[in-house]
1. Would you mind calculating the relative contact order of the chain from Cα pairs under 8 angstrom and at least 6 residues apart, reporting the percent as a whole number?
2. Counting every Cα pair in the chain, what percent are over 25 Å apart?
3. Of G24, G107, G147, which is the most mobile in a GNM of the chain whose springs link Cα atoms less than 10 angstrom apart?
4. What distance in nm separates the two pseudo spin-label positions at W165 and A90, each 7 Å out from Cα along the beta-carbon direction?
5. Kindly put D79, D59 in sequence by how many other C-beta atoms sit within 10 Å of each C-beta, fewest to most.
6. For the chain, what is the mean residue ellipticity at 222 nm derived from helices alone (per DSSP H run of n ≥ 4: -39500 (n - 2.57); sum divided by total residues; nearest 500 deg cm²/dmol)?
7. Determine the gain in length on full extension of the stretch S71-L127; use 0.36 nm per residue of separation and subtract their C-alpha separation, reporting nm with one decimal.
8. Taking Rh as the Kirkwood radius computed over C-alpha pairs, what is the Stokes-Einstein D of the range 43-104 at 10 °C in a medium of viscosity 1.306 mPa s, expressed in µm² per second?
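Computed from the coordinates by the stated procedures, all read-outs in this text should not be read as laboratory data. Not measured: the values here are computed from a predicted model. Here Cβ is always computed from backbone atoms with ideal geometry, including for glycine, and neighbour counts include all displayed protein chains.
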Amino acid sequence: MTEEIPQNKYGTTPYSATNAQGLGAEPRSVRLTKSLVWVLLVLHAISSLLGVLALQSQDPQTYFEQSLPASELEQMTPDMLETMFAASVAFFIGFAVLNVILFVIVGLGLRANRNWARITGLVLGILFLISAAYTLLFATPYGDLPGLEWLNTILSWVIVLVTIWWIVQAVNKRTSEWFAKHRRLQG
């Protein structure tokens with residue numbers, strides 16, 4: 001009979017998901033929580049790409065006619081509009097990159113059965129739904145959308161539905177129990 005030698009300074013054997021006993025099979029809701037986050041990453045990346053393409057298809061004057069009052073727009077020089085437009089595009093791209101980074105962090109955390117990743121994903125998902133609800137219900141001029149923006153709006157509705165599905169799976173009782181078991185094993 002061999003005795004297991006502790007591998008860390010606390011005198012316990014490090015946690016390994018392959019050595020976890022008594023966890024049973026991963027529930028379907030957990031698998032969906034882990035896989036839908038990657039689907040959402042791809043959908044958000046496509047939506048961001050479409051958004052940048054839609055921005056690039058407009059000139060600064062047309063773009064700011066939609067968001068600035070006419071009195072302010074008249075006071076802007078073409079150089080000012082060009083600078084503001086370039087800043088808007090840079091901000092949009094920066095936000096898209098941050099979005100992808102957050103999805104990767106949450107996705108990898110979920111893959112490692114980290115409860116913080118599930119909670120972070122839930123908070124970000126709820127914030128996204130609040131933002132999307134305002135944008136899609138109140139700020140989208142459905143009758144005046146050009147081709148790329150129309151396609152992006154449809155994609156945004158799909159993202160909302162998949163996000164709701166992800167949230168339902170992430171708050172599922174079996175999912176919560178699964179992550180709680182792993183938290184106890186890891187902590």
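1. The value is 38 percent.
2. 51 percent
3. G24
4. Going from the W165 label point to the A90 one covers 3.8 nm.
5. Ranking D79, D59 by Cβ neighbours within 10 Å, fewest first, gives D79, D59.
6. Per the formula, -24500 deg cm²/dmol.
7. Using 0.36 nm per residue and subtracting the Cα-Cα distance, I get 16.9 nm.
8. 125 µm²/s
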